[in-house]
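Quick notes on the structure that follows.
The values are calculated or read from the model by the stated rules, or taken from the named source; none is laboratory data. Owing to the predicted nature of the structure, the values given are computational and were not obtained by experimental measurement. Cβ placement follows ideal geometry from the backbone for every residue including glycine, while neighbour counts extend to all protein chains displayed.
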Amino acid sequence: MRDLQRTWEPAVNPVRRFVSAARGPNCNDGSMSNRIAFLGCGSMNEAILGGLLEGGADPSDIVATVRRAERAAELAVRYHGITAIAGEEEPDNNKQAAKGSAVVILGVKPLGIADLAREIGGSLSPQTIVISVAAAVSLAQLEGALPPGQPVIRSMPNTPAKLGRGVVSVTPGSHCTPEQLQKAKSILKSAGTVVEVPEDQVDALSAISGSGPAYAFYLAEAMASAGVELGLDPELSLLLARETVAGAGFMLAEPGADPSALRKAVTSPNGTTERAIATFDDRGIPSIIAAGARAAAERAAEITRQLS
Ligand SMILES: NC(=O)C1=CN([C@@H]2O[C@H](COP(=O)(O)OP(=O)(O)OC[C@H]3O[C@@H](n4cnc5c(N)ncnc54)[C@H](O)[C@@H]3O)[C@@H](O)[C@H]2O)C=CC1
Ligand SMILES: O=C(O)[C@@H]1CCC=N1
């Protein structure tokens, strides 16, 4: 097998060069390497990768696979020292990355997960922990596509993982030992708060924390549009919306923060905020949000059925 440690220098020389691996597929003492493979490094896997590096992970322990060479170059420049391999250049990229990795994180779309799991099955060590971040792909579906006995964890992260502020759920499969679960948790905690949930709660969790960042961004978009409607300059309105949602997010991140108490602290009796919140209540915003979350969870269940 060729060395996995590669870097890119597109500003100077767009041609990939290979340098020697810091660690081989297995350490000399027979233990697994520390390598973590991100197979399918798009939005979600990149966010986790970024969080791990922010948390102090060694870039030479990280390998990422993608389809396009341009994307591999982008990742290798953004996260200096990692290895990024494009399938359009090396069709066995996923197998190369999986081989010798202690942890493999599957980050392709739900429909592609089983094919990817089957593709890499023969390259995994029996101890390699396979983590899937895909919505709707069940542990049974994952285990069915991997070699018998492979340790598997179903996870549902979210994109603030990139800043180490994500929420990452873990649900161990039937062959995952407590030590392997602990190892996965200790890796994922660089990406944010790790919670363990039973599998029958993953779709609900996904509808709140997995999709949730999009709801917060949607709120910021709506606030920015509302400001323009009230006559603000669009650039100023966007700035106000972004900084306000971000600032409120920081307040929510304080230990013990209570969203209801924080809201009340902004809402003077008979003041302006009270009028806005009353309008939101009249229009049924809480039930609209609940309906959206329910629709997200139902869609996850629908995809699971389609994959069976
Ligand atoms: N985006 C999000 O906020 C969240 C996404 N997820 C899950 O993460 C998974 C990925 O979603 P996104 O990152 O949003 O999608 P994405 O499209 O941004 O990323 C998928 C990446 O996989 C690559 N890819 C596809 N097939 C490949 C293959 N055979 N080999 C190597 N690379 C391949 C694509 O080129 C792309 O870069 C999905 O299963 C989704 O359910 C879970 C939680 C949140
Ligand atoms: O929209 C999706 O399907 C993924 C799963 C949770 C967030 N994004």
| said: Out of everything in segment 282-300 that is over 30 Å from Val137 (Cα atoms) and surrounded by fewer than 11 Cβ atoms within 10 Å (Cβ to Cβ), what residue ends up being nearest to the chain's Cα centre (by Cα)? | reply: Arg283
| task | Kindly establish whether Gly30 is modelled with pLDDT under 95, assigned by TED's automatic domain parsing to the domain that holds Gln180 and at positive phi. | result | yes
| said: Out of Leu49, Leu75, I need the residue that is without any contact (Cβ under 8 Å) to a residue 60 or more places away in the chain and under 11 Å from the mean Cα position of the chain (by Cα). Which one? | reply: Leu49
| Is there any pair with a first residue in segment 278-289 that is without any contact (Cβ under 8 Å) to a residue 40 or more places away in the chain and a second that is of a type in the set (Asp, Glu) whose Cβ atoms are under 8 Å apart and which are 6 or more apart or on different chains, and what are they? | none
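Looking at segment 80-144, what strands (runs of 3 or more DSSP E) fall wholly within it and have at least 3 residues that are away from ligand 2 (no atom under 16 Å from the Cβ) and either farther than 23 Å from Thr177 by Cβ or not assigned by TED's automatic domain parsing to the domain that holds Leu39 (or both)?
Here the list reads 83-86.
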| Which of (1) crowded, with 17+ Cβ neighbours inside 10 Å; (2) more than 18 Å from the chain's Cα centre (by Cα) does Gly81 not meet, given it meets every other one? | (1)
| query | Can you name every residue in segment 145-173 that is crowded, with 22+ Cβ neighbours inside 10 Å, part of a loop (DSSP other than H, G, I, E, B) and away from ligand 2 (no atom under 16 Å from the Cβ)? | reply | Leu146, Gln150, Pro151, Gly173
